[in-house]
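Report on one structure; see the data block that follows.
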């Protein structure tokens, strides 16, 4: 859950949709070390538009967080994609993608922006851009991934 949530949220953000089918599989090469948590998990999400996302997360991998999206007229990728700063990527037309830094707090740019938003919501009596319902959707999808990995069956979210 701690690392896979980034890939899950990226698929929802990129598609603008909620997945309708989930299929997952877990692997453990060290059952003692990973007795209480999955070592690695892979899953596939199918969206209403037909988009299929292939995702993976691991606590025992040296790979860096990245994603690639392929479409009819090109592709784009972010690598690294899930750091607190320094996220960048490229597009099939050769253009570079860079996210601007939010402030000068070093490595905590995105986290600082989140905390600033929460503070502004409290001070101005306004709702946050990331309500609890958003997190609840993520948890429901994560539970479907675990259910599929446990049962070996595709889980319908529709």
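Data table
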read-out	value
Scope segment 28-47; condition over 19 Å from the mean Cα position of the chain (by Cα) and surrounded by 13 or more Cβ atoms within 10 Å (Cβ to Cβ); matching residues	28, 34
Matching residues in segment 122-154 - criterion: being outside any loop (DSSP other than H, G, I, E, B) and farther than 21 Å from residue 13 by Cβ	122, 123, 124, 146, 147, 148, 149, 150, 151
Top-ranked residue in segment 1-35 [being assigned to a loop (DSSP other than H, G, I, E, B) and in contact with a strand residue (DSSP E or B) (Cβ under 7 Å, 6 or more places away or on another chain); ranked as farthest from residue 158 (Cα to Cα)]	3
Residue 38 being assigned to a loop (DSSP other than H, G, I, E, B) and in contact with a helix residue (DSSP H, G or I) (Cβ under 9 Å, 6 or more places away or on another chain)	yes
Filter result for residue 13 (in contact with a helix residue (DSSP H, G or I) (Cβ under 6 Å, 6 or more places away or on another chain) and free of Cβ contacts under 8 Å to residues at least 40 places away in the same chain)	no
Qualifying residue in segment 48-64 (condition: out of contact with any helix residue (DSSP H, G or I) (no Cβ under 6 Å at 6 or more places or on another chain), exposed (fewer than 13 other Cβ atoms within 10 Å of the Cβ), at pLDDT below 85 and closer than 23 Å to residue 15 by Cα)	yes
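The values are calculated or read from the model by the stated rules, or taken from the named source; none is laboratory data. Bear in mind the structure is a predicted one, so any value in this text is a computation, not a measurement. All Cβ positions, glycine included, derive from the backbone under ideal geometry; neighbour counts span all protein chains shown.
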